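Written out below as structure tokens is the structure these notes cover.
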């Protein structure tokens, strides 16, 4: 099943456009989009293939962390997640 997983990490400084563009480039192969320019948080929405919402979230966190490293962003704690299945029902919100 396909899942749309949104993740957001908050930090201690405002992000620049170039940083968000780097994150967008890093998540693009996963059908992802990035956000955060001009805010003290960065985020991404990823499309994940998994058997359950929990599995989708676990895979998305790993992919997000990898994309953050690839984009050379500061490692900030993930403060918000959402997992939505193909039927568009909200399945998880942490």
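The values are calculated or read from the model by the stated rules, or taken from the named source; none is laboratory data. These figures come from a predicted structure and were not determined experimentally. In this analysis, Cβ positions are derived from the backbone assuming ideal geometry, glycine residues included, and neighbour counts consider all displayed protein chains.
Annotations for the structure displayed:
- Considering (1) over 17 Å from residue 29 (Cβ atoms); (2) in contact with a helix residue (DSSP H, G or I) (Cβ under 8 Å, 6 or more places away or on another chain), the lone condition that residue 41 does not fulfil carries the number (2).
- Candidates are the residues of segment 1-58 that are crowded, with 18+ Cβ neighbours inside 10 Å and in contact (Cβ under 8 Å) with a residue 60 or more places away in the chain; the one that is nearest to residue 75 (Cα to Cα) is 9.
- Pairing each residue of segment 68-94 that is at pLDDT below 95 with any residue that is assigned to a loop (DSSP other than H, G, I, E, B), provided the two are 6+ apart or on different chains, yields C-beta distances under 8 Å for 85/1; 86/1.
- Among the conditions (1) at pLDDT 95 or above; (2) touching a strand residue (DSSP E or B) at 6+ places or on another chain (Cβ under 7 Å), the only one that residue 65 does not satisfy is (2).
- Residues that are more than 16 Å from residue 8 (Cβ to Cβ) and part of a helix (DSSP H, G or I) within segment 63-78 comprise 66, 69, 70, listed in sequence order.
- One residue alone among 24, 44 is modelled with pLDDT of 95 or more and in a helix (DSSP H, G or I), and that residue is 24.
- Residues in segment 1-18 that are within 17 Å of residue 41 (Cα to Cα) and within 14 Å of the chain's Cα centre (by Cα): 5, 6, 7, 8, 9, 10.
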